[in-house]
Structures are given as C-alpha cells and as structure tokens.
There are 2 protein chains.
Amino acid sequence: MITSFAGESKHFLDEKSRLSIPAKYRRWLTEEEAEYTFVITKGADPCLIAYPAVEWDKFAEKLRNLSQFKKKNRAFIRTWSRNSIRLKCDKQGRILMPQRLLDFANIKKEVVIIGALNYLELWDPEVLKEHQESQIPLDDDYFEDLADIF
Amino acid sequence: MITSFAGESKHFLDEKSRLSIPAKYRRWLTEEEAEYTFVITKGADPCLIAYPAVEWDKFAEKLRNLSQFKKKNRAFIRTWSRNSIRLKCDKQGRILMPQRLLDFANIKKEVVIIGALNYLELWDPEVLKEHQESQIPLDDDYFEDLADIF
DNA sequence: GATTTCTCCCCACATCTACCCACAATAATA
DNA sequence: TATTATTGTGGGTAGATGTGGGGAGAAATC
C-alpha cells in the first residue's frame, strides 16, 4: 500500500503503445491492484501527469461545487476535463497510451516515470533533460518563501 | 462504473443523425448499460449538454426550490425545460439527435464529445475552436479566487 | 382508413481493446 | 548458489465497440 510516490525509472512503450506501470506504483491506498485505474492529463510542464483515479476523483468532486452559471468556471472545467483521460491497467499492469497524449509530451519509445507525492510524471528522456537544463535554479528567495509554509 | 467523466473524443453523426455515445460514458454509477438514458439540453455556451438522466433529475430537484411566484424564475424554468429532451440510447449505444438541437450547436457531421464531471458537452469542432480562441484566458485573479476553495 | 414519415430493432462487418498465455528478466527467499 | 516468486515484455485472438443500412412497426399526416 502506497500513500506517497517517490523515485524515477525508465520504461519503454511496446509496439502497441502500451506502458507498463511499475508494480510499486499500482498500490495506491490499497493492496489490491486488479482493475487499477489512472487518470492521465497534460501537465503544466511538457510532460504527462498520471493520478490514481481515486485522487483525481477527489479533485473532480471539489470542482463540482463550482457554479455552472459562471462562464469562467465552465471554461476551467472544460479545459481541465478534456485533457484528462481515465485509463485502466490491463491484467499485466499496462496502460494503452492514446497517441494524442504521447504527442503532447513528445514521447516516442522511452518514458521516464517519476513518482511525485500523489501523482506520476511521464517524460520523454530528451525533453526532461532539456527542461532541467533550461530551468532557472531555485534561488534563496524561493526557499525563503517556502519557509513561510513549513 | 463511472462517477466522473473525463476526456475528449471526436465522433460523426451518421446519415440518420445518430450519435454514438462512447461506451465509456454509458456506465454512470452502474455496470449496466442497457436502456441508458441521457437528457440533452442547450448549453450556456454554444454547445449541447448531455446529462445522465439521474443527474439531470437531481438538478431538476434543485430547481423546484425556486419560488413560482417570481416571474424570472418561471421564465428560467420554462426555458430550461423546453430545451431539454430525454433521449434513450438504442441497442447499439446511439442517440437519435433532434435537428433543432443540432442547429443550435451548429453541429453538422463532426461532433467533439467532452466528458466533464457529471455531464457531457457536445461541440461542433469549428465552434469549439473559435470559442476557445475568443475566450478571455483565465487570469491570476480567477485562480486566486479558486485558491479560497481548494 | 390510407399514405407517408419516423423510430428503433436487427444484422453485418471492420476496427479496436484487453484478455490470455508464454517466457524472459529481475527480485526475494531458502 | 539454487529455487521460487514477482515483474516486465511480446504477441495471438476472442469479444467489445463503432458504423452503416434494411425493414417492421409506430406515429403522424392527409
């Protein structure tokens, strides 16, 4: 049973565009892994995010409290929803990745899976490398601000 | 069984104006899909909204709390009701779309189906594109407000 | 009541999905 | 180290799904 993801590992899409989810990530809040489901969305960074379905559902539940009579709420819900897809692992623990999402993250064959808190990030290795290099290093000010929280 | 819709997919009306509802959207709160029923209404945005009948019934229940003594309430309920149609999927999971509703959303052949929380949005691809482009981006203030909720 | 239009069941079939089995690779245990 | 269990990978195939169209019966119209 897992309550917080961690770690990084490299995997490969097979000929059928299936991605094997490492066994250690299949036990979110449970020992069962049958019928395990993720919701995959486009990330704010050029990667894909995979939430355990129960986690995504919690967020969706909150979004339902937003009034449909506000245009901005509808726009936000629409954008959020259309980029999310609910996908079930097969009995071998693999997910059939839609081409549309693979294209977004520029994933071709190799996939770096990063376990982060309550979600997984899926990166193309090259994109991840470039993204890390172009990243402005976290400065002291950032950690000063963090200090307000912790 | 689904408790929250997600995703986007493109479909086509056939010669008989039938729209195939993707199988993954036919299992709202149930594993059964026989006799599956949606209520379709005109959206606040230029699209159609399809609620699983049980969800629409919940909303209708809320509307009953509006006082009948207010003219604007009566007008709103009237408009809402006459624009809503209860439609059953045929045995192949298709819905026969009334021309009047198709015209409202300017749907001709292609239909983008967006799964959003507890309803589906049905868009003409062109209209959706234009709508998204003309949309004022969600600004910082909006997310500041959201932060109060989450 | 007769005719036309509409609705929806049924069948057909191409495509896609996900199950199953096989087995290699890795990790865990004796 | 040998043995066993778990995990990852590949690929065939049955069943699910999406799409088209004929036609019987219902509904609307004349």
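The values are calculated or read from the model by the stated rules, or taken from the named source; none is laboratory data. In this text the structure is predicted, and so the values were computed from the model without any measurement. Positions of Cβ are backbone-derived with ideal geometry, glycine not excepted, and every protein chain shown enters the neighbour counts.
Take the residues in segment B:1-17 that are at the interface with another protein chain (Cβ under 8 Å from one of its Cβ atoms) and outside any loop (DSSP other than H, G, I, E, B), then tell me which one is farthest from residue A:97 (Cα to Cα). Please lay out each step first, then the result.
From segment B:1-17, those at the interface with another protein chain (Cβ under 8 Å from one of its Cβ atoms) are B:2-8; that's our starting set.
Subsequent filtering for residues that are outside any loop (DSSP other than H, G, I, E, B) retains B:2, B:5, B:8.
Numbers: B:2: 20, B:5: 18, B:8: 14 Å.
Only one residue fits best here, namely B:2.
Taking the residues in segment B:19-58 that are assigned to a loop (DSSP other than H, G, I, E, B) and away from DNA strand C (no atom under 16 Å from the Cβ) as candidates, determine which candidate is surrounded by the most Cβ atoms within 10 Å (Cβ to Cβ).
From segment B:19-58, those assigned to a loop (DSSP other than H, G, I, E, B) are B:21-22, B:26-27, B:29-36, B:43-47; that's our starting set.
Now narrow it down to the ones that are away from DNA strand C (no atom under 16 Å from the Cβ): B:29-30, B:43-47.
Details: B:29: 12, B:30: 13, B:43: 19, B:44: 12, B:45: 18, B:46: 15, B:47: 24.
Filtering segment B:19-58 for residues that are assigned to a loop (DSSP other than H, G, I, E, B) and away from DNA strand C (no atom under 16 Å from the Cβ), the one surrounded by the most Cβ atoms within 10 Å (Cβ to Cβ) comes out as B:47.
Can you confirm whether segment B:132-145 contains a residue that is more than 14 Å from DNA strand D (Cβ to nearest atom) and either in contact (Cβ under 8 Å) with a residue 40 or more places away in the chain or in contact with a strand residue (DSSP E or B) (Cβ under 6 Å, 6 or more places away or on another chain) (or both)?
No: zero hits.
Does segment A:90-132 hold any residues that are among the small types (Gly, Ala, Ser) and within 12 Å of DNA strand C (Cβ to nearest atom), and which are they?
Within segment A:90-132, the subset among the small types (Gly, Ala, Ser) is A:93, A:105, A:115-116.
Listed by number, the list holds a single entry, A:93.
If you check residue B:43 against the conditions, is it within 16 Å of DNA strand D (Cβ to nearest atom) and in contact (Cβ under 8 Å) with a residue 60 or more places away in the chain? Outline the logic, then answer.
Numbers: within 16 Å of DNA strand D (Cβ to nearest atom): no; in contact (Cβ under 8 Å) with a residue 60 or more places away in the chain: yes.
So residue B:43 fails the test.
Would you please name the residue that is farthest from the other protein chains (Cβ to nearest Cβ), looking only at residues in segment B:81-131 that are more than 16 Å from DNA strand D (Cβ to nearest atom) and exposed (fewer than 14 other Cβ atoms within 10 Å of the Cβ)?
Among those residues, the one meeting the criterion is B:103.
Which condition number does residue B:87 fail, the rest of (1) more than 13 Å from DNA strand C (Cβ to nearest atom); (2) at pLDDT 90 or above; (3) touching a Pro at 6+ places or on another chain (Cβ under 9 Å) being met?
So residue B:87 meets the others, but not (1).
From the residues in segment A:64-80 that are facing chain B (nearest Cβ under 7 Å) and in a helix (DSSP H, G or I), which one is surrounded by the most Cβ atoms within 10 Å (Cβ to Cβ)?
Ranking the candidates gives A:78 first.
Residues to consider are B:129, B:108; find the one that is basic (Lys, Arg) and either in a loop (DSSP other than H, G, I, E, B) or closer than 20 Å to residue B:38 by Cβ (or both). Break it down into steps so the answer makes sense when it comes.
On the way: B:129 fails: either in a loop (DSSP other than H, G, I, E, B) or closer than 20 Å to residue B:38 by Cβ (or both).
Answer to the selection: B:108.
Somewhere in segment B:2-15, is a residue within 11 Å of DNA strand D (Cβ to nearest atom), within 20 Å of residue B:90 (Cβ to Cβ) and touching a Leu at 6+ places or on another chain (Cβ under 8 Å)?
yes
Please work out if residue A:61 is within 14 Å of chain B (Cβ to nearest Cβ), away from DNA strand D (no atom under 16 Å from the Cβ), part of a helix (DSSP H, G or I) and in contact (Cβ under 8 Å) with a residue 24 or more places away in the chain. So that I can check it myself, show each step before the final result.
Values: within 14 Å of chain B (Cβ to nearest Cβ): yes; away from DNA strand D (no atom under 16 Å from the Cβ): yes; part of a helix (DSSP H, G or I): yes; in contact (Cβ under 8 Å) with a residue 24 or more places away in the chain: no.
No, not satisfied.
Given (1) farther than 26 Å from residue A:59 by Cβ; (2) acidic (Asp, Glu); (3) more than 12 Å from DNA strand D (Cβ to nearest atom), identify the lone condition not met by residue B:32.
Here residue B:32 meets the rest and fails (3).
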